[in-house]
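Read the structure below first, then the notes.
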Amino acid sequence: MYAFDFVRPKTVAEAVKALAAEDAQALGGGQTLIPTLKQRLAAPAVLVSLSGIAEMSGVSLSGGTLTIGGGTPHATVAKEARAAYPALAALAGGIGDPAVRSRGTIGGSLANNDPSACYPAAVLGSGATIVTDRREIAADDYFQGMFATALEPGEIITAVRFPVPEKAHYEKFAQPASRFALVGVFVARTGQGARVAVTGASADGVFRWAEAEKALSGGFSAAALAGLAPPTGDMISDLHGSAEYRAHLVKVLTGRAVAAA
Amino acid sequence: MPKVAMRVNGRAVSGEVEGRTLLVQFLREGLGMTGTHVGCDTSQCGACVVHVNGVPVKSCTAFALDLDGAEITTIEGMANADGSLGRVQQAFQDHHGLQCGFCTPGMVMSAAALLAENPTPSEAEIRTYLEGNICRCTGYHNIVKAVLAASGQDPATIAAE
Ligand SMILES: Cc1cc2nc3c(=O)[nH]c(=O)nc-3n(C[C@H](O)[C@H](O)[C@H](O)COP(=O)(O)OP(=O)(O)OC[C@H]3O[C@@H](n4cnc5c(N)ncnc54)[C@H](O)[C@@H]3O)c2cc1C
Ligand code: FES
Ligand code: FES
């Protein structure tokens, strides 16, 4: 790891100021960034830790909207969202292992946008809103391909707002060594129809499977998917699974997720 | 250099560290507490797990300065006041839950975190919770038995390997 200065502001405003410095980078839970720094794949001059910012942590329900602070660890979401949004809590409780869940945060996961990460599926599948220090971004506009997002340099995810769907479920086929999703599918039935978001499968990162959404909006049951061909598109092909295998998994997992929702 | 202060096993400690100093480096090199092990240094193996404010954390994947003011418990803090082995440690010894012992500090800390959250876990819950702790000697079966025993349950209830 190269050397850097470390600052730990107490408010979002102070953090935004610190991130305006040259080569400054935000630190969430560090569960992705610290391994990256060790490999010298990142070399910030200043690391701005968000862990001391109380206003960025916590889970709250108001009306039909669940708001999660951008600095909230996965373990806290797994516990505190259980009553209001069980599918989201279960997703958070299935990320990595307990120690990763103690530190890793929702904001860090979404800023990173790993193509195999779990939270992007929930955010896109729920039609959530990403709240930053300067604006609000709809999930449909936020994800812009593998490790790419709508965030500007120095922009901080302060919260994520989830409209709680009528029912939902996340079905993850874990890659056993990394514990990330080989493929993961998040399905939700909302007042405006069904949403299906797929992670782990596409080289473009998380995506909505439009044909499945259409089929499920007519009737939210696994049977409604029977006639569909697996999704096409730029499927990832690697030693863990071929493109065809991943496409097949998408269809199977979507069916399981709908049945379990 | 910046200063960091925390409580480790109930004792107030402080020291000078760099921004990039990991918690495990502060513990091992700064405080001379070498009970916490580094197995992989890539956040994968769990040998370095300690408790931070009561929850398990990989000390190779946290900066010391980020934990200023935190309450840390390490394997050195798991023994009884008279120096005898604590409940989880004793169960590991009784049930041969260690071979070379390299993964053991992390295993014991993760097991203790599980028992704090869930005092009588099932075999499946133990295996799931220990997902992030890798034993290169592959002694998992006896580790699971040890955790069952530490929770006051009969380890004979799980199938022989
Ligand atoms: C062993 C292991 C297993 C894992 N398994 C899974 C899994 O199954 N599923 C899964 O989804 N993930 C998994 N992860 C990744 C984990 O969820 C990370 O916690 C997450 O991807 C990054 O979150 P973080 O808070 O640790 O962010 P960091 O590592 O601190 O930061 C990641 C990136 O986000 C930026 N950033 C951090 N916070 C913010 C913010 N609030 N606003 C703007 N930018 C920010 C940082 O600058 C950095 O670029 C795993 C990680 C490990 C080590
Ligand atoms: S040494 Fe920390 S996880 Fe392996
Ligand atoms: S006892 Fe040797 S690594 Fe677990």
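Since every read-out is calculated from the coordinates, none of them should be taken as a lab result. Worth saying up front: this structure is predicted, and the values here are computed from it rather than measured. A quick note on method: Cβ atoms are made from the backbone with ideal geometry, for glycine too, and the neighbour counts reach across all protein chains shown.
Overview of results
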| quantity | calculated |
| --- | --- |
| Unit charges on C-beta of K, R, D, E only; dipole of chain A, Debye | 720 |
| Using alpha-carbon coordinates, inclination of helix B:140-150 to the longest axis of chain B, degrees | 90 |
| Helix-only mean residue ellipticity at 222 nm for chain A, each DSSP H run of n ≥ 4 adding -39500 (n - 2.57), per residue, nearest 500 | -8500 deg cm²/dmol |
| Selected from A:Val164, A:Val100, A:Val198 as most flexible by GNM, with chain A as the system and alpha-carbon contacts under 10 Å | A:Val100 |
| Sorted by Cβ density within 10 Å, fewest first, the residues A:Val250, B:Val4, B:Val55 | B:Val55, B:Val4, A:Val250 |
| Interchain or long-range residues, amide H under 5 Å from A:Leu66's placed H | A:Phe162, A:Val164 |
| Sites matching chymotrypsin sites (Phe, Trp or Tyr not before Pro) across region A:1-87 that sit in DSSP coil, with at most 12 neighbouring C-beta atoms within 10 Å | A:Tyr2 |
| Net charge, A:Gly96 excluded, C-beta distance under 11 Å - Lys, Arg +1, Asp, Glu -1 | +2 |
| Computed helical MRE - 222 nm, chain B, DSSP H runs ≥ 4 contributing -39500 (n - 2.57), nearest 500 | -7500 deg cm²/dmol |
| Shape parameters for the protein assembly as shown, alpha-carbon atoms, Rg then Dmax in Å | 22.0, 68 |
| Of all DSSP beta bridges in region A:16-130, antiparallel share, percent nearest 5 | 55 |
| Highest-MSF residue in chain A out of A:Glu136, A:Glu55, A:Glu22 [GNM, Cα springs under 10 Å] | A:Glu22 |
| Choice from A:Ala117, A:Ala20, A:Ala181 with maximal GNM fluctuation in chain A (Cα, 10 Å cutoff) | A:Ala20 |
| Point-charge dipole on Cβ atoms (K/R +1, D/E -1) for region B:3-78, about Cα centre, debye to 20 | 100 |
| Hydrodynamic radius (Kirkwood) for region B:24-151, which is based on Cα pairs only, to one decimal in Å | 14.6 |
| Under 12 Å from the Cα of B:Lys145 - aspartates and glutamates, other chains or at least 8 residues apart | B:Asp94, B:Glu123, B:Asp154, B:Glu161 |
